[in-house]
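S.K.: My structure is below; once you've seen it, I'll send some questions.
The values are calculated or read from the model by the stated rules, or taken from the named source; none is laboratory data. Not measured: the values here are computed from a predicted model. A quick note on method: Cβ atoms are made from the backbone with ideal geometry, for glycine too, and the neighbour counts reach across all protein chains shown. With ligands, DNA and RNA removed, areas are computed over all heavy atoms of the protein, side chains included. Shrake-Rupley method; radii C 1.70, N 1.55, O 1.52, S 1.80 Å.
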Amino acid sequence: MKEIRLQESDKVLVVYLSRTNNTKALAEIIHQEVGGDLVPLELINPYPENYRAIVKQVAEENETGFLPPLKTKVDIKKYETIFIGFPTWGMQLPPSLKSFLTENNLEGKTVIPFNSNAGYGVGSSFDTIELLCPKSKILEGFSIKGGKERDGIFLAIKGEKEKEAKVAIKSWLSKIKLGVVD
């Protein structure tokens, strides 16, 4: 397979949702590698700070299909390649990411998911992205263990773990035949 080169980094979007900054750390590493625009996903009504409260709220949103309104607005037409980063919540794609994918037409775009989780994996998240982006080219996603908020382990992707994440991300980008021009 021929390697895709991101020669026009202005057509690359790295959008992410991060609660404890693990996914943000991954997004920043990806951004360093591929360039483009780095955009945090923000909600009009932010999730509660309390861990148990957010778990309850997200479970209710997933149960009812509620899609929280987003503060973040992106001119998606100018991008060809979109990296989408998120933590796994309740073994699912966070409702705010479902909002983003529902609000933006990603038809014809290359969509690349990346994830941090508490060690349980991506759950149904990557499958949900495929369902919500049926006319997009979806590349193999990246997932890594981050923090474990319920156990009081917050930003885990720092120091030695950040170095490991950089190596793993470079390897993943190479595996999916995505690179940058030196």
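S.K.: Looking at (1) surrounded by fewer than 18 Cβ atoms within 10 Å (Cβ to Cβ); (2) farther than 17 Å from ARG19 by Cα, which is the one condition that is false for GLY119?
M.R.: Tallying (1) surrounded by fewer than 18 Cβ atoms within 10 Å (Cβ to Cβ); (2) farther than 17 Å from ARG19 by Cα, GLY119 fails exactly one: (2).
S.K.: Next question, about the same structure. Taking only the range 19-41 into account, find how many residues are farther than 14 Å from PRO113 by Cβ and outside any helix (DSSP H, G or I).
M.R.: 9
S.K.: While we're looking at this one, here's another question. With a cut-off of at least 3 residues that are modelled with pLDDT of 95 or more, name the strands (runs of 3 or more DSSP E) lying wholly within the range 56-166.
M.R.: Passing ranges, in order: 81-87, 110-117.
S.K.: Suppose the filter is aliphatic (A, V, I, L, M) and either over 28 Å from GLY152 (Cα atoms) or open to solvent by 50 Å² or more (accessible area, probe 1.4 Å) (or both); does VAL74 pass it?
M.R.: yes
S.K.: Sort through ASP10, ASP37 and tell me the only one that's within 21 Å of ILE129 (Cα to Cα), open to solvent by 20 Å² or more (accessible area, probe 1.4 Å) and either charged (D, E, K, R) or in contact with a Gly (Cβ under 9 Å, 6 or more places away or on another chain) (or both).
M.R.: Result: ASP37 is the single residue among ASP10, ASP37 that is within 21 Å of ILE129 (Cα to Cα), open to solvent by 20 Å² or more (accessible area, probe 1.4 Å) and either charged (D, E, K, R) or in contact with a Gly (Cβ under 9 Å, 6 or more places away or on another chain) (or both).
This table checks each residue for (1) touching a residue at least 24 places away in the same chain (Cβ under 8 Å); (2) open to solvent by less than 40 Å² (accessible area, probe 1.4 Å); (3) closer than 26 Å to GLY159 by Cα.
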site: SER18; (1), (2), (3): yes, yes, yes
site: ASN21; (1), (2), (3): yes, no, yes
site: GLU28; (1), (2), (3): no, no, yes
site: LEU41; (1), (2), (3): yes, yes, yes
site: ASN45; (1), (2), (3): yes, no, no
site: LYS56; (1), (2), (3): no, no, no
site: LEU70; (1), (2), (3): yes, yes, no
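S.K.: Using beta carbons and a limit of 7 Å, which pairs, at least six apart or on different chains, have the first residue in the range 119-144 and touching a residue at least 24 places away in the same chain (Cβ under 8 Å) and the second one among the acidic types (Asp, Glu) and in a loop (DSSP other than H, G, I, E, B)?
M.R.: What qualifies is LYS135/GLU107; SER136/GLU107.
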